[in-house]
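Undergrad: First the structure, then my questions, so here it is.
The values are calculated or read from the model by the stated rules, or taken from the named source; none is laboratory data. What you are looking at is a predicted structure, and each value in this text was computed from that prediction instead of being measured. Glycine also receives a Cβ, built like all others from the backbone with ideal geometry; neighbour counts cover every protein chain displayed.
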């Protein structure tokens, strides 16, 4: 089982020696500073050949906020490693704990660091990919202008600042999951209406590497749509990831909305309408989502869920 370590716990483990610290961010992120003693193995390279890149057991994975490192840890478990750790909060948590970062020495030749031509940062950590920011912004602008609303009026309806809404419209600010829900609620439209792109397709293959994920500001909760956003539908399907010891609060959705959720990894405490339910791997729940509800991961490992959202017919 993957163990998630707080920064101070990870520091003690590293100080004890014998631990392979693997940073799964990209080369550019690594060059900006990393946990002392860490070696760089971008997540895409690890996915390509985990056995070759993880020669021994006792590995601590690190990313920016603790999401990619959980994915890397699962890969390590899959190839038979038994002593696997993930740094809770990633390098952001490490720095917030006041621990030192190390910067790699500049190459003597002046050439770019090895791996600097690697693919962009994995979208499963940090902010949503720029393409999704632009889609949300364009849809927000269309909804607002079609209904003749000013940014000030919309700010009052959503509780978000006028400046933030303007930046989201321009694709310059990455909205969080909760912010998109607030906007959808204000317009009385489905969540998917803000993610929709205009090109309909008959058959769609949704590649994991190109997934459009929405990430919470702290990087600990992510939502990946598992349906083509170009299609208008009364039912939506999502893959959700909630980091260890984390909480995500959701605003009430449209009247009549229901959520059908199954936990595929880890544990979950779900509270909806004042009722609290404890769920483990394989447990499923169907509940009314037109009330405030929250997802809490009480355990030391990531919780993975799949969610079907059903809206009331209008």
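To keep it simple, each residue is scored yes or no on (1) over 18 Å from residue 246 (Cβ atoms); (2) touching a helix residue (DSSP H, G or I) at 6+ places or on another chain (Cβ under 8 Å).
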residue: 14; (1), (2): yes, no
residue: 19; (1), (2): yes, yes
residue: 42; (1), (2): yes, yes
residue: 49; (1), (2): yes, no
residue: 62; (1), (2): no, yes
residue: 65; (1), (2): no, yes
residue: 82; (1), (2): yes, no
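Undergrad: Any residue at all in the range 276-284 that is loosely packed, with under 15 Cβ neighbours inside 10 Å and either in contact with a helix residue (DSSP H, G or I) (Cβ under 7 Å, 6 or more places away or on another chain) or over 27 Å from residue 2 (Cα atoms) (or both)?
TA: No, that holds for no residue.
Undergrad: Further, regarding this structure: Within the range 262-285, can one find any residue that is assigned to a loop (DSSP other than H, G, I, E, B) and within 22 Å of residue 136 (Cβ to Cβ)? Lay out the reasoning, then the answer.
TA: Filtering the range 262-285 for residues assigned to a loop (DSSP other than H, G, I, E, B) gives 266-267, 273-274, 280-283.
With the extra rule that they be within 22 Å of residue 136 (Cβ to Cβ), the set shrinks to none.
The answer is no, given that none of the residues of the range 262-285 is assigned to a loop (DSSP other than H, G, I, E, B) and within 22 Å of residue 136 (Cβ to Cβ).
Undergrad: Identify, by number, the condition in (1) surrounded by 16 or more Cβ atoms within 10 Å (Cβ to Cβ); (2) modelled with pLDDT of 95 or more that residue 302 doesn't meet.
TA: Against the list (1) surrounded by 16 or more Cβ atoms within 10 Å (Cβ to Cβ); (2) modelled with pLDDT of 95 or more, residue 302 comes up short only on (2).
Undergrad: Take the residues of the range 1-12 that are touching a helix residue (DSSP H, G or I) at 6+ places or on another chain (Cβ under 7 Å) and modelled with pLDDT of 90 or more: which is nearest to residue 267 (Cα to Cα)? Before the answer, list the steps.
TA: First, the residues of the range 1-12 that are touching a helix residue (DSSP H, G or I) at 6+ places or on another chain (Cβ under 7 Å): 2, 5, 7.
Within this subset, residues satisfying the condition of being modelled with pLDDT of 90 or more are 5, 7.
Working: 5: 17, 7: 22 Å.
Per the criteria, the residue is 5.
Undergrad: Shifting gears a bit: Output the residue which, of all residues in the range 260-275 that are modelled with pLDDT of 95 or more and more than 22 Å from residue 218 (Cβ to Cβ), is farthest from the chain's Cα centre (by Cα).
TA: So, considering only residues that are modelled with pLDDT of 95 or more and more than 22 Å from residue 218 (Cβ to Cβ), the one farthest from the chain's Cα centre (by Cα) is 260.
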